[in-house]
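I have placed the structure first, in the form of structure tokens, so that the comments after it can refer back to it.
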Amino acid sequence: MIIVMKQGATRQEIDYVADMITAKGGITVNPMYGSDLTILGLIGDTSRIDPAQLESFRCVERIMKVAEPFKKANRMFHPGASEVKVGDTVVGGTKLSVMAGPCSVESNEQITEVARAVKEAGATILRGGAFKPRTSPYSFQGLEYQGLDMLCHARELTGLPIVTELMSPYDIDKFEDKVDCIQVGARNMQNFDLLKRLGKTRKPILLKRGMSATIEEWLMSAEYIMAGGNENIILCERGIRTFETYTRNTTDLSAICAVKKLSHLPVIVDPSHATGKYWMVQPLARAAIAVGADGLMIEVHNDPAHALCDGAQSIKPDAFAEVMADIRNIARAVGREI
Ligand code: PEP
Ligand code: MN
């Protein structure tokens, strides 16, 4: 971090700012005195410094950040790519992970039928929402605890580990007991109480990008969980809000390249929520693997036209099998495998 002092800042003011920062511990302040301007170069752990607070000093002109504010999620301090174990499968590394299943668990029959089909096609993790974050309070809210039990039953039948969304910190004990990976949805990416609580578990967390979150904000949310002690995080790009209305969201594939450079955490793409259209899932799945994603999350439903949630973006099991065959080829081309 670099602090640019105001033109004409007195020696007393410069020393005051430098001493205040040194007193925080773990930081060395290197002043460079110019004829017009003085700048202070800060070396060390600046994560506890609030740039906005420093800018409130009348003798400070501006603050320039040279390192990212996230540390544990930062590739600079962890050059190797991280791998996260979910049940007996691993997310990250050379093998791609594919999480597939319906948006919501609707019945025992529905989830077991879809679970068997996606397993057969090569999915590595079963997804299904039991607690649904819906825009309208009148829409289907999920089967809740019953839905969790149905997912567990589908895991027993297929052997696939399960991932499902947690909405409230009050349910975390039940989720710790029952699920293999806890999903934090886009709408809760900055629910900091929830993130802090998830720092205390050792369950893997699938952290979806908030619909209006910058890449830095997303990585700072991962940092919240990691700062609490849980480093088992998988990131998921699920599209962001832009001015475009043709698609439900805009699929930000450049975020995959950015996250791979900035962080060591595995990152997957959800082309279902990222487009909102079933016929765009296959091309975007291909593109995601081609740009270096560690896997995919895809909504699969046995009867999309009657799905209780997200039918328009859900593909049928036979289309899912086609996507799997297709991305196998792309994976080979980019040195990955399924
Ligand atoms: C989901 O995975 O069904 C979901 C609600 O996703 P998101 O949080 O990305 O909207
Ligand atoms: Mn959905």
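Some values worked out for this structure:
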item	result
Identity of the residue in the stretch 231-247, of a type outside the set (S, T, N, Q) and in a loop (DSSP other than H, G, I, E, B), that ends up nearest to ligand 2 (Cβ to nearest atom)	Arg238
Test: residue in the stretch 256-274 that is among the basic types (Lys, Arg) and either in a loop (DSSP other than H, G, I, E, B) or buried (at least 17 other Cβ atoms within 10 Å of the Cβ) (or both)	yes
Scope the stretch 221-245; condition of a type in the set (Phe, Trp, Tyr) and surrounded by fewer than 20 Cβ atoms within 10 Å (Cβ to Cβ); matching residues	Phe243
Test: residue in the stretch 42-54 that is acidic (Asp, Glu) and surrounded by 14 or more Cβ atoms within 10 Å (Cβ to Cβ)	no
Among the residues listed as Glu61, Glu55, the single one being modelled with pLDDT of 95 or more and over 24 Å from Leu235 (Cα atoms)	Glu61
The stretch 286-318, residues that are surrounded by fewer than 23 Cβ atoms within 10 Å (Cβ to Cβ), within 12 Å of ligand 2 (Cβ to nearest atom) and among the acidic types (Asp, Glu)	Asp310
Residues within the stretch 117-138 that are under 22 Å from Asp270 (Cα atoms) and within 16 Å of ligand 1 (Cβ to nearest atom), tallied	13
Selected residue [surrounded by 15 or more Cβ atoms within 10 Å (Cβ to Cβ) and more than 24 Å from the chain's Cα centre (by Cα)] from Ile125, Ile111	Ile111
Residue in the stretch 157-169 that is in contact (Cβ under 8 Å) with a residue 60 or more places away in the chain and part of a helix (DSSP H, G or I) present	no
Residue in the stretch 65-75 that is within 16 Å of ligand 2 (Cβ to nearest atom), assigned to a strand (DSSP E or B), modelled with pLDDT of 95 or more and not hydrophobic (A, V, I, L, M, F, W, C) present	no
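The values are calculated or read from the model by the stated rules, or taken from the named source; none is laboratory data. In this text, all values refer to a predicted model and were calculated from it rather than measured experimentally. Cβ atoms come from the backbone with ideal geometry, glycine included; neighbour counts cover every protein chain shown.
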